[in-house]
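The values are calculated or read from the model by the stated rules, or taken from the named source; none is laboratory data. Note that the structure is a prediction, hence the values are computed from the model and not measured. Cβ: placed from backbone, ideal geometry, glycine included. Neighbour counts: every protein chain shown. Quick note on the areas: whole protein, heavy atoms, side chains included, nothing else; ligands and nucleic acids left out. Shrake-Rupley method; radii C 1.70, N 1.55, O 1.52, S 1.80 Å.
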Amino acid sequence: MDGAKKMGIRNVSSICSLTQLDDHDLSRLLEKPRLTTNIERQRSFDERSLSELPTLLVRGSYDHFDTLHSPAVRSGIDTPASWDGNSFDPHPIVAEAWEALRRSLVYFRGQPVGTVAAYDHASEEVLNYDQVFVRDFVPSALAFLMNGEPEVVKNFLMKTLQLQGWEKKIDRFKLGEGVMPASFKVLHDPVRKLDMIVADFGESAIGRVAPVDSGFWWIILLRAYTKSTGDLSLAERPECQKGIKLILMLCLAEGFDTFPTLLCADGCSMIDRRMDVYGYPIEIQALFYMALRCALMMLKHDGEGKDCIERIEKRLHALSYHMRSYFWLDFQQLNDIYRYKTEEYSHTAVNKFNVIPDSIPDWIFDFMPMRGGYFIGNVSPARMDFRWFCLGNCVAILSSLATPEQSMAIMDLIEARWDELVGEMPLKIAYPAIESHEWRIVTGCDPKNTRWSYHNGGSWPVLLWLLTAACIKTGRPQIARQAIDLAETRLLKDGWPEYYDGKLGRFIGKQARKYQTWSIAGYLVAKMMLEDPSHLGMISLEDDKQRKTLIKRSSSWNC
Ligand code: GLC
């Protein structure tokens, strides 16, 4: 680790990356090892410097990785496996974080079914932070899976699946059958000794928007559970197969669309307030792509399943082409757009969406490094939202929506623009902030989304797990290490805030909750993945080329 620190973040690209391994090596590397190799695996990361990681992998020390699953080894019922005293970096915060995460557990009839969004007793306003949010539970679920505790994840998946079956209405309008809740709450009636659930599908949420991301996260989590436990039976249950299909029917239905991307309202995902992300936001497109690929791995090839599989394959093909061609921005692409002609007609048009070069914002010309690139926020007719969104870009790497070259370029950009995107507290949810008159128009004068706060350029510790996973996948764990080191200087001391404010993320967010569960779980997941990179397999998918090679070998759970 010292070596990595000395080397400094700007040098890391010189280290051999995972993408330099051949396809076969990488696919094996990301699998969980057999049980018998767990001891070796733990030893190896206790003793070896993380900065050596890519080199070690190239040398083939993981030859014994194969495609079987192994439940994580636990050291005791209430002790996190990742904090077993032998760990290579047993930071004292880890134990505190586990305690806080367990405190946030929610029980339904005696069974744990999720974690509350925040356990902040000091806050006078609870709003809906005492609920279990589907998206917020994902890092909690991963932490429990990595720690060998899959029960709560299974319960959560089944409980939310039941909720999907409810009839959902906003005023007199009935929502699609497949919609998953944004959140749910368990009500305890001590007199009648009854537990009841109330769920919110958007009818109570601020802005009344249905959560498009919930269904995608549900599918992604079901695949993570299956991958981590090796328990195929859950995903194979008829009700789970039906749940997957219902979610996808909402997205694969034919309509007026001319693009394979998914048209969304503002506020339908992590950024759940008006922030000018309506249209085709990168966060949703990346999650959509990942969910489609996860579904493809889990759907049975029976009558209905087959039809769904065919549709998924066609959509994936079109979606990856569209995203990689039109959402991708690097120096060259920016220069091309800058020189675009407008008002072109016919199939030969270069400027297909008729983007007017004058609409390119000034900041992007300074922000774009010579080396590096990213998927921009949104593309639609005459509109390119050039803002950087962290979640969408990390998920693009994890799902392999980004090609290996694009993935490396995204990491190059993060390094080159470290101050802007990481600053003093990882990580900026979006960059840059929208200010002044534009803020008035774009957010509708939202006092929570003022410049460099909350969704408008605020810094969210939860994003640390996504960055870490992306770093490991691209063979650049030093970047994650650096970000985790930064987070560790403040998170516990500050009481695990939901977000930080300011250009550098230096201030605890104006209205940030304390003891925000996904800040806690996100940190733990980041730590556990760095400690044992084989965990990455739960949340990462091979790129297309590797996928095709693997499909030839086997059609089951390799990818
Ligand atoms: C905020 C966030 C949203 C999160 C919720 C609960 O509304 O914007 O993404 O799910 O809080 O933590």
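Observations on the structure shown:
- Extension gain (nm, one decimal) between LYS242 and GLU313, 0.36 nm per residue minus Cα-Cα: 23.7 nm
- Most to least accessible of VAL126, VAL132 (protein chains only, probe 1.4 Å): VAL126, VAL132
- Straight-distance crosslink candidates among lysines, where the alpha carbon sits under 20 Å from LYS245 and sequence neighbours closer than 8 are dropped: LYS154, LYS159, LYS168, LYS174, LYS227, LYS300, LYS306, LYS314
- Proximal lysines to LYS341, defined as alpha-carbon separation beneath 27 angstrom and excluding residues fewer than eight positions away on the same chain: LYS352
- Area projected by the alpha carbon convex hull of the stretch 471-531, averaged over all directions, nm²: 4.4 nm²
- Estimated from the Cβ-Cβ distance and a Förster radius of 41 angstrom, the FRET efficiency linking LEU187 and GLU435 is about 0.45.
- For the stretch 490-528 versus the stretch 303-322, the inter-centroid distance based on Cα atoms is 38 Å.
- For the peptides 371-378, 318-325, the ranking by packing is 371-378, 318-325, with the highest mean count of neighbouring Cβ atoms within 10 Å listed first.
- Annotation for the stretch 360-408 versus the stretch 117-187: alpha-carbon center distance of 30 Å.
- What the Cα atoms of the stretch 131-202 give is an Rg and a Dmax of 14.0, 44 Å.
- Portion, in percent, of the accessible area of the stretch 414-502 that falls on carbon or sulfur, probe 1.4 Å: 52 percent
- Spherically averaged projected area of the stretch 406-542 from its Cα convex hull (nm²): 8.5 nm²
- Order by protection proxy (mean Cβ within 10 Å, highest first), peptides 274-282, 343-351, 181-189: 274-282, 181-189, 343-351
- Annotation: amide H-H contacts under 5 Å for GLN511 (H modelled 1.01 Å from N, sequence separation of 5 or more, or interchain): none.
- Spin-label pair THR348-LYS169: with each label point 7 Å from Cα along the Cα-Cβ axis, the two points sit 5.7 nm from one another.
- A 1.4 Å probe run over the stretch 252-327, with the rest of the protein chains in place, finds 43 Å² accessible per residue.
- Förster radius 30 Å - calculated FRET efficiency between ALA253 and SER204, Cβ distance, rounded to 0.05: 0.70
- For GLN162 and TYR321, a Förster radius of 51 Å and the Cβ-Cβ distance give a FRET efficiency of 0.85, rounded to the nearest 0.05.
- Looking at the stretch 120-167, the pairs of alpha carbons with a distance over 12 Å make up 70% of the total.
- Length available on full extension from LYS493 to GLU405: 0.36 nm per residue minus the Cα-Cα distance, which gives 27.8 nm.
- Projected label distance in nm at VAL126 and ASP419, using a 7 Å step from Cα toward the beta-carbon: 4.5 nm
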